1. Given the criteria exposed (fewer than 12 other Cβ atoms within 10 Å of the Cβ), at pLDDT below 85 and within 18 Å of Ala132 (Cβ to Cβ), does Pro51 qualify?
2. Just to be sure, is Thr68 of a type in the set (Ser, Thr, Tyr), out of contact with any His (no Cβ under 8 Å at 6 or more places or on another chain), surrounded by 10 or more Cβ atoms within 10 Å (Cβ to Cβ) and modelled with pLDDT of 90 or more?
3. When the residues of the range 75-103 are narrowed to those that are part of a loop (DSSP other than H, G, I, E, B) and among the aliphatic types (A, V, I, L, M), which ends up farthest from the chain's Cα centre (by Cα)?
4. Can you tell me which residues in the range 93-124 are surrounded by 11 or more Cβ atoms within 10 Å (Cβ to Cβ) and of a type in the set (S, T, N, Q)?
5. Of everything in the range 72-92 that's loosely packed, with under 11 Cβ neighbours inside 10 Å and farther than 12 Å from Ala126 by Cα, which residue is modelled with the highest pLDDT?
6. Can you spot a residue in the range 117-137 that is small (Gly, Ala, Ser) and more than 25 Å from the chain's Cα centre (by Cα)?
Amino acid sequence: MQFDAGHDNDDDLAETYDINVTPFIDVILVLLIIFMVAAPLATVNVAVDLPASSAEREPRPKEPIYLTLRKDLTLALGEQDVTRETLAAALQAAAHGDHDARIFLRADRGVSYGDLMATMDDLRNAGFLKVALVGLERPQ
């Protein structure tokens, strides 16, 4: 927009009032891209405080089958040491061939999650799908 009073004097200055919005739009688009990239990265580490279990205790079976995974990754079925190779045969004998028997799996606190999952895979490969994880009760 140009302000001109209709005079042809050279002393009058012609002023132009234009708003240049191109840099403003560029800045807004850059900020939009930054927030679109950064928003999913901000939700990766979600802090969760899980509640304690308030489930009632299951009655203990007459002859529970305990499989223990020690800190040095050795296995014990009941009180007897077993290897991963003989685990399936030892479980068959302890469960009297019943694949529906529940196996109580106890693992040392120092055992990694991957090693625990490998042991659970061994149980599944042996045909035992009912696995109960054993832990200590915490007072509420």
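1. Details: exposed (fewer than 12 other Cβ atoms within 10 Å of the Cβ): yes; at pLDDT below 85: yes; within 18 Å of Ala132 (Cβ to Cβ): no.
Criteria not met by Pro51.
2. The answer is no for Thr68.
3. Ala95
4. Result: Thr119, single match.
5. Here the residue is Thr83.
6. yes
The values are calculated or read from the model by the stated rules, or taken from the named source; none is laboratory data. Everything numeric in this text was worked out from a predicted model, so none of it was measured. Every residue, glycine among them, receives a Cβ derived from its backbone with ideal geometry; neighbour counts consider all protein chains shown.
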